[in-house]
Each structure stands twice: as structure tokens, then as C-alpha cells.
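Nothing in this text is a laboratory measurement; each read-out follows from the coordinates by a stated rule. Just so we're clear, the structure is a prediction, and the values are computed from it rather than from any experiment. Glycine also receives a Cβ, built like all others from the backbone with ideal geometry; neighbour counts cover every protein chain displayed.
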Amino acid sequence: MPHELDNILISPSQPDFVERCTKIRAGVFSATHFDGKDEREEQLDAILNDVGQRDDEAVAEYTEKFDGVKLTPEQFCVSNEDLEKAHKEINSELLKSIRQAIKNVKKYQKEIFVGNKKENQHPGIKYTPIKRVGICVPGASAPLPSTVIMTVVPAMVAGVKEIVVVSPPRYKGNIHPVTLAVCYELSIDKDYQNCQIEVYRIGGVQAVMALARGTKTIRNVDKIVGPGNAWVQNAKKKVLGLVGIDSIAGPSEVLIIANKKANPAWVAADMLSQAEHAPGSAVVFTDSQELANKVLAELKKQVKQLDRVEEIIKCLENFGGIVVFDDMKDIIDHANVFATEHLEIQCGEESKKIAEQIYNAGAIFIGDYSPVAVGDYWAGPSHTLPTGTSARFFSALSANDFIKSTSIIEYDKKKLAESAEDIIRLAEAEGLDAHAKSIRIRQQK
């Protein structure tokens, strides 16, 4: 009897091989981006405009409509007492793990931060932390306290003074306690006492617009970062220019490059770990038909052991695939076109060599013992990554996203005199006489 997942196996012998590969990539792209003809685009614009016009009132209405929670504007902000209460009640072993994860992320972000490195100190440029940053923390399908660590810590390392965390109130009318506990843990960090963290129990498109424009109860921010569903990411695109954004960061996706040396059970487990985000894309590229068959068998076996079986299977059908290619070169070429968020390479001792040939990916996980979960929670790099093929031009979130550079130009009389005629010549070539005169007037005795 055929299984629902049989359709995700794609082999070169199939007459529609190219079309099916293209369809997977198109599906991943459409899960992230709304196009101009999509009715969701109209709904998105309507919500953004409504919040822009009606302020807190509209935010409250959409919170009740989409999150099922009725709040007054005065209830948007989570009190410090509630944050502290959640922190006190968190499991001690979990708190220990959270603290170590924070330490790991701090270490990595400090090491890659350009703002305070001596080799980057130049008289012609200065780096300044962004003053006020908004951070979107998803919470609809599951609480994601790890996202607080992976977004707030890089901002703190960069020197941001005001951090505004927004997350939907999907847990008993509030943000999940473990997420609140992490916010409190970071707010009392002794290394960053000058950093103020505000937490608001709002999410979705309405939260993005509230951050971008500001409301009577929420001051506007300068940049919005963080992962989220297609609605949140497309809202971020819409407000770009009013504020800065990091990237298009969601929904989640993984591409696994695997050869015959890979463990099919582990490959299947890694696919399911992304598909459970629902939506979440999980794709395998392999040059081994035997491995492909074994991964499919493992998927059928393992998916039955999960809680949300139907959702995950549907997700794999819509955004998943096990694709068999003729050779590894073809796989690498397609992987670079795919430009995935998470790229795992499980090819034994060849994994590092293959990784060197990948230039489009949000994050690369090399070897059998580097599943996405290591990056999601522990290793140090942020798990807020570009999705929907935008890894072609966006990067992983880091402390460097929370600073801006300003050019510094300082000439004295002698230096200007040495260059004056060249500058005048260039200005006159463009027909900008006033530009030329601004130089010439300084050369008159």
C-alpha cells in the first residue's frame, strides 16, 4: 500500500525530474515570500495601514483576532515582576543550560564583532551601535526561548542600549514562562548593565508595525530583527526603509547533502526536526539511490513516533524532497542555487571538501555529528538565518548587524590644495558648477 511520503522521492529516471526539482525550490520560495498578486499581500497591507492609523487600538484588536487574547494597551508590556517570577520558577537544570548557551553565544559574537577590533580602527570610519532595536520572537507553534538568546545577545555584544522583545501571547494569555525567564536572565547580566530590555506580549504583523511606527505605549525602534512566519517576514520587508531589518528569516528550512556514507536514520531525523516547524522545508540531495530509499523508509518509521504526524507529513509533501542526482558536482551546483537556510553535509571525510564549494547558505553544518539543533541552541552563531533562497545576498544575524558605520573625512588646507584641481575637474565634468566653486573658493588668497 503506497505511503503519503512516497511522492517526495525524486530520481533522475523520472521524466519530470527537472520540473519536480524546480517545484521544490519554488515551494520553499513561496513559503517565505508573498507576491504582488497574492491575496495575503492585500491583507498584510490592510493590517499595516490599520495599525499605522489606529495605533494601539488596532494592535489590541488584531491580538484578540489572531492570538485569541484580549488586552488593553496598558497590558501589552510584561512587567518586571512577571519576568522575575518566571525566572524564579524555571527548572534549575534548564537554567544552567540556558546560562551556558548564553556564554557560548557571547564568546562567538565577541570574537567576530568588528566594532572593537584594532585592525578595524581607521581614521576614516567609525562604528556606532544602533540605539533601539526590536526583536521578533516566535511563539505560535512552540515557545522559542533560544531565539531570545540568539538575537538579544548579539545586540548586547554590539552595545545596543535599548532592546524591545515582542512575542505573541499564546500561552495562557501571556508569553511562555521559559521565554520570559530568558529575557529576565539577560536583563540582569552584569556585563551589560547599561542595556535595557523591554518585553511586549504582542506578535505578528501588528507587532512589526508597532515597532516600526511606534504607538502611544511602544516607542518606535531603529531596526527590526528576528525569525518568524511568512506574515512577519513580509511585514518586515514592507517596513524596510522606515526601519532597518536583518534579513528574510523564516519559515525554517534544511538542505542535507548526503552520500552513501551517511546514516539514513540520522538524515531522516534531521529532516523531521525542520518539518515539525510546520511549515518547515526539509530536502535531501544525494548521489545514492540506495541511501535515498533508506532515508524514505526511516521517515515513514520515525514520523509515526512524533506528536503532530499529519502536520509533519503534509509539510514534507509540500516543502520536502529526497532528490537523487547523478553525481556530487550536480548536487553542489543545485545546492548553491537553492541557497538554503541550514545546509548539512553528511558525506564522511569528503564533507569539508564539499563545504568549501558551497557559497550560498545561511549556515553550514559539517559532518554526521553537526545537526541543525547544535546551531539552534548551543554552538555560538545565531540561528536567525536567511531563508527562501535569500542566503544569496543576506547573512546570518550577528553582532555586526547591530552597528552602523559612519565615514569620517578630514582634510586640512594643504591636503585640499593638493587635490583641488582634480576635484574641480570632476565636478565640472558632471556639470555641477557649485560643487567646483565650493573647492575653488577655498583656494583664493
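Some notes on this structure:
- Cβ crowding within 10 Å averaged over residues, with 38-47, 376-385, 170-179 ranked highest first: 376-385, 170-179, 38-47
- Estimated from the Cβ-Cβ distance and a Förster radius of 30 angstrom, the FRET efficiency linking GLU430 and GLU410 is about 0.80.
- Cross-link pairs beyond the 28 Å C-alpha cut-off, checked among LYS110/LYS238; LYS260/LYS301; LYS118/LYS415; LYS261/LYS329: LYS110/LYS238
- The modelled label-to-label distance between LYS65 and LYS190, using points 7 Å beyond Cα along the C-beta direction, is 4.9 nm.
- Between GLU74 and ARG20, the simple spin-label model (points 7 angstrom out along Cα→Cβ) gives 6.1 nm.
- Helical runs assigned H by DSSP (4 residues or longer) give the chain a calculated mean residue ellipticity at 222 nm of -14500 deg cm²/dmol, each run adding -39500 (n - 2.57) before division by the residue total.
- Here LYS414 is the anchor, and the lysines within straight C-alpha reach of less than 28 Å, apart from those fewer than 8 places off in the same chain, are LYS126, LYS437, LYS445.
- By the Cα gyration tensor, the stretch 212-350 has an equivalent ellipsoid whose semi-axes, rounded to whole angstrom, run 35, 18, 10 from largest to smallest.
- DSSP-defined antiparallel bridges as percent of all bridges, the chain, nearest 5: 15 percent
- For ILE202, residues with placed amide H under 5 Å, excluding near neighbours: SER167
- Debye log10 I(q)/I(0) at q = 0.11, 0.13, 0.14 Å⁻¹ for the chain, Cα point scatterers: -0.91, -1.15, -1.27
- GluC sites (Glu not before Pro) lying in DSSP loop within the stretch 279-386, provided at most 12 other Cβ fall within 10 Å: GLU356
- Summarised in one figure, the compactness ratio Rg/Rh of the stretch 394-444, Cα atoms and Kirkwood Rh, is 1.28.
- Cross-link pairs beyond the 32 Å C-alpha cut-off, checked among LYS23/LYS103; LYS37/LYS314; LYS190/LYS223: LYS23/LYS103
- Net +/- balance of residues flanking ASP45 in space, Cβ distance below 12 Å, scoring K and R +1, D and E -1: -2
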